[in-house]
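Below is one structure; the comments refer to it alone.
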Amino acid sequence: MNPIRLVVLLVIILSGPRKANAGETTSLNTTLQLLQSKKFVDLTHDFAPGIPRWPGFPDETRKTIYWYDKRPDTKGAGFFSEVYTHVGQWGTHVDPPAHFSKGLRTVDQIDPKEMILSLVVIDVHEEVTKNPDYTLTVDRLRKWEQDHGPIPPGAFVAMRTDWSKRWPDAAKLENKDAQGTAHYPGWSLPALKMLYEERKITASGHETTDTDPGVATTKDDYSLETYILSTNHYQIELLTNLDQVPEAGAIVVASFPKPKGGSGFPARVFAILP
C-alpha cells in the first residue's frame with residue numbers, strides 16, 4: 001500500500017470521535033490488521049544514567065521509592081516505582097521549536113498528526129566512513145530523488161550515517177582529535193533549506209548528538225539546529241537502526257510525552273516497513 005495512504009488511514013484511526021458506519025469500521029480494522037502484519041523497527045536508544053550527553057547537562061539519576069515486597073505506607077502488596085531525573089534532551093529525544101526559539105512551540109504544542117509521517121532515509125554512511133566531517137549536500141538530496149522520486153511534502157527525513165553504532169561510547173561519538181576538535185557528520189544549510197522551504201517536510205532526524213557537524217559544535221556553532229527550530233518544526237536526535245529500514249516507502253511514528261511548556265523530552269520512535 002502507498003505510504004501516504006497508510007498515513008491517512010492511521011490519522012483516521014487516531015482522529016476524534018465520529019460515529020462510524022459498519023463499512024468504515026471494517027475498513028479501519030482491515031487497516032489495523034495490515035499495519036500489524038508489517039515489520040516494525042525501533043529507532044530508539046535505551047536511556048539510563050551514564051549515556052552520552054551534551055557536556056553542559058547533568059547525568060540522569062534514578063531512585064526506587066517502592067519495591068514489590070516492601071510498602072512502608074501500608075500492609076498491602078508492593079509494586080515497583082522509580083523517580084527519574086534527567087534533562088529533556090536525553091537519549092533519543094525530540095527538540096521542539098522552543099528549544100532554541102523563544103515564543104515558538106513547546107513539546108505539548110506539537111500536533112499528533114505531525115508524529116505519523118512518511119519516512120525518507122538519506123543513506124550517506126559510505127561517505128561518512130571516508131570523511132567523518134561529511135555534511136549532507138543538495139546534490140545528494142537530488143540523487144535520492146532521482147532514485148526514488150520527489151521527497152513528499154510532510155515527510156520525516158532522516159540522515160543515515162551509522163554513527164549510532166558508536167553508542168554508548170561518548171568518546172567515539174565525539175571523535176575528538178588531539179586538539180580537542182570533534183569530528184562527526186552533520187547537515188548543511190542549503191540541504192535543510194531545500195527540505196524545509198522547497199519540499200515542505202515536517203521534521204528531520206539524525207544519529208549524532210547534534211544537527212551541526214562536530215567541527216562547528218566545537219566552536220559552539222549550532223546555527224543549523226537554530227535554523228530548523230526557527231522554522232517552527234521539530235527534530236529528533238540520536239536515532240538508531242536506520243540501517244534496518246529502506247530509503248523510501250516506510251512510515252515513521254515519532255512519539256513522546258506531553259510536558260506542558262516542555263523544552264524537549266525522550267522520544268520513542270519506530271518505523272513501519274512497507
message: Out of the residues in segment 50-102 meeting the condition of being assigned to a loop (DSSP other than H, G, I, E, B), in contact with a Gly (Cβ under 8 Å, 6 or more places away or on another chain) and over 23 Å from residue 240 (Cα atoms), tell me which one is modelled with the highest pLDDT.
response: 68
Pair list, Cβ < 7 Å and 6+ apart or interchain, from segment 124-142 residues that are closer than 18 Å to residue 174 by Cα to residues that are at pLDDT 95 or above and basic (Lys, Arg): 125/160
- prompt: Which residue pairs have Cβ atoms under 6 Å apart, sit 6 or more places apart or on different chains, and have a first residue in segment 262-274 that is at pLDDT 95 or above and a second that is part of a loop (DSSP other than H, G, I, E, B) and polar (S, T, N, Q)?
  reply: 262/106; 264/89; 267/92
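Out of segment 242-274, which residues are under 24 Å from residue 86 (Cα atoms) and in a loop (DSSP other than H, G, I, E, B)? Please lay out each step first, then the result.
Our first condition is that a residue be under 24 Å from residue 86 (Cα atoms); within segment 242-274, this holds for 253-270.
256, 257, 258, 259, 260, 261, 262, 263, 264, 267 - these are the residues of segment 242-274 that are under 24 Å from residue 86 (Cα atoms) and in a loop (DSSP other than H, G, I, E, B).
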task: Being under 18 Å from residue 236 (Cβ atoms) and touching a strand residue (DSSP E or B) at 6+ places or on another chain (Cβ under 6 Å) is the filter here, so list the residues in segment 178-210 that pass it.
output: 186, 195, 201, 202, 203, 204, 205, 206, 207
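The values are calculated or read from the model by the stated rules, or taken from the named source; none is laboratory data. Fair warning: this is a prediction, and the values are worked out from it, not measured in the lab. Note that each Cβ is placed from the backbone with ideal geometry, even for glycine, and that neighbours are counted across all protein chains shown.
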